[in-house]
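Structure first, then comments.
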Amino acid sequence: MFWKFDLNTTSHVDKLLDKEDVTLHELMDEDDVLQECKAQNRKLLDFLCQQHCMEQLVTLITREPPVDMDEKVRFK
């Protein structure tokens, strides 16, 4: 019977956001962060709109990654 199943599951992004010390890098490493943005996850959008997150995002976009950085993270 389908009504016995709890279809209201919490995403891994939401679980990360429940942590007090979550970082932008932790969230950006999640595969479904873009989908959560598209789904207008309010907790995620509120976190990303904070001043320090916006500054970090701009820095990530405008600066070249270090040459010795792991290839997987460098071109993600």
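Overview of values
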item: Residues that are touching a residue at least 24 places away in the same chain (Cβ under 8 Å) and in contact with a Phe, Trp or Tyr (Cβ under 9 Å, 6 or more places away or on another chain), drawn from the stretch 12-28; result: LEU17, VAL22, LEU24
item: Candidate set from the stretch 29-40 (those that are without any contact (Cβ under 8 Å) to a residue 12 or more places away in the chain and not charged (D, E, K, R)); member that is surrounded by the fewest Cβ atoms within 10 Å (Cβ to Cβ); result: GLN40
item: Selection from the stretch 25-72 of residues that are under 10 Å from the mean Cα position of the chain (by Cα) and in a loop (DSSP other than H, G, I, E, B); result: ASP29, GLU30, ASP31, ASP32
item: Pair list, Cβ < 9 Å and 6+ apart or interchain, from the stretch 41-56 residues that are open to solvent by 70 Å² or more (accessible area, probe 1.4 Å) to residues that are of a type outside the set (Asp, Glu); result: LYS43/VAL13; LYS43/LEU17; ASP46/LEU17; HIS52/LEU24; MET54/LEU48; GLN56/THR23; GLN56/LEU24; GLN56/HIS25
item: Selected residue (only one of LYS4, LYS19, LYS15 is modelled with pLDDT of 90 or more and exposed (fewer than 10 other Cβ atoms within 10 Å of the Cβ)); result: LYS19
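The values are calculated or read from the model by the stated rules, or taken from the named source; none is laboratory data. Worth saying up front: this structure is predicted, and the values here are computed from it rather than measured. Ideal geometry is used to build each Cβ from the backbone, glycine not excepted, and the neighbour counts take in all protein chains shown. Surface accessibility is based on the protein's heavy atoms, side chains included, excluding ligands, DNA and RNA. Shrake-Rupley method; radii C 1.70, N 1.55, O 1.52, S 1.80 Å.
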